[in-house]
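Undergrad: This structure is in structure tokens; I'll ask about it shortly.
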Amino acid sequence: MSELQGALDGAGRRFAVVYSRYNELVTERLLNGARACLVQHGVAEGAVDVISVPGAWELPGAVLLAAHAGRYAGIVALGCVIRGETPHFEYVAGEAARGLASVVLETGVPVGFGLLTTEDADQALARAGGAKGNKGWEAALSALELADLFSKLGGEHAGA
């Protein structure tokens, strides 16, 4: 029996990082982590396109258009939704997550999921380069590995 697994090698591949400007103190740190991860794993700096959107709600639409562009081996989606006093958290976070998952299924382009959903700003900052690591970096690692795996499986955008 053989096992297929993606490698963390982005050489010759192009990636998009789509990030939300809402809660920018957090999302800028996620963005920096994702970019550093991609470059450290062989993606040329000029092969990383950064696309910003107003908030997490807008992530799926921008990621879908980027995926349909046919330019990217993978996409990293970054945002931060902090629970507040209203039920917006459930609507925004849940629908954004659902929308991002549907992009992968519809297009075959891997999407690294870096949408933080936290109770407060301290939890968010801890996950954006603090004590809990950088989830932007981790989302980029997932996108890298899946881009290579999808390529091995014959995905449509494998060579992007």
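The values are calculated or read from the model by the stated rules, or taken from the named source; none is laboratory data. These figures come from a predicted structure and were not determined experimentally. In this analysis, Cβ positions are derived from the backbone assuming ideal geometry, glycine residues included, and neighbour counts consider all displayed protein chains.
Undergrad: Are there any pairs with C-beta distances below 8 angstrom linking a residue in segment 28-55 that is under 21 Å from Thr117 (Cβ atoms) and without any contact (Cβ under 8 Å) to a residue 40 or more places away in the chain to a residue that is in a strand (DSSP E or B) and of a type in the set (S, T, N, Q), with the two at least 6 apart or on different chains, and if so which?
TA: Ser52/Ser20; Val53/Ser20; Pro54/Ser20; Gly55/Ser20
Undergrad: Then there's this: Out of curiosity, is Gly114 in a strand (DSSP E or B), touching a strand residue (DSSP E or B) at 6+ places or on another chain (Cβ under 6 Å), under 14 Å from Val26 (Cβ atoms) and not β-branched (Val, Ile, Thr)?
TA: Judged against the criteria, Gly114 is a match.
Undergrad: Has segment 97-110 got at least one residue that is over 22 Å from Ala62 (Cβ atoms), surrounded by fewer than 15 Cβ atoms within 10 Å (Cβ to Cβ) and touching a residue at least 12 places away in the same chain (Cβ under 8 Å)?
TA: no
Undergrad: Now a separate question. Which of the following residues is more than 17 Å from the chain's Cα centre (by Cα), in a helix (DSSP H, G or I) and in contact (Cβ under 8 Å) with a residue 24 or more places away in the chain: Ser142, Ser151?
TA: None of the other options fit; the residue is Ser151.
Undergrad: For segment 56-70, state whether one or more residues are farther than 25 Å from Gly133 by Cα, without any contact (Cβ under 8 Å) to a residue 60 or more places away in the chain, in a helix (DSSP H, G or I) and of a type in the set (Phe, Trp, Tyr).
TA: So far as segment 56-70 goes, no, none of its residues is farther than 25 Å from Gly133 by Cα, without any contact (Cβ under 8 Å) to a residue 60 or more places away in the chain, in a helix (DSSP H, G or I) and of a type in the set (Phe, Trp, Tyr).
Undergrad: Scan segment 87-94 and give yes if some residue there is free of Cβ contacts under 8 Å to residues at least 60 places away in the same chain, under 12 Å from the mean Cα position of the chain (by Cα), crowded, with 18+ Cβ neighbours inside 10 Å and outside any loop (DSSP other than H, G, I, E, B), otherwise no.
TA: No, segment 87-94 contains no residue that is free of Cβ contacts under 8 Å to residues at least 60 places away in the same chain, under 12 Å from the mean Cα position of the chain (by Cα), crowded, with 18+ Cβ neighbours inside 10 Å and outside any loop (DSSP other than H, G, I, E, B).
Undergrad: Let me ask something else about it. Tally up the residues in segment 59-76 that are under 17 Å from Asp148 (Cβ atoms) and β-branched (Val, Ile, Thr), please.
TA: Result for segment 59-76: 2.
Residues checked against (1) modelled with pLDDT of 95 or more; (2) in contact with a strand residue (DSSP E or B) (Cβ under 8 Å, 6 or more places away or on another chain); (3) buried (at least 22 other Cβ atoms within 10 Å of the Cβ); (4) assigned to a helix (DSSP H, G or I):
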{"position": "Ser2", "(1), (2), (3), (4)": "no, no, no, no"}
{"position": "Asp9", "(1), (2), (3), (4)": "no, no, no, no"}
{"position": "Gly12", "(1), (2), (3), (4)": "yes, no, no, no"}
{"position": "Val50", "(1), (2), (3), (4)": "yes, yes, no, no"}
{"position": "Tyr72", "(1), (2), (3), (4)": "yes, yes, yes, no"}
{"position": "Ile75", "(1), (2), (3), (4)": "yes, yes, yes, no"}
{"position": "Val81", "(1), (2), (3), (4)": "yes, yes, yes, no"}
{"position": "Glu85", "(1), (2), (3), (4)": "no, no, no, no"}
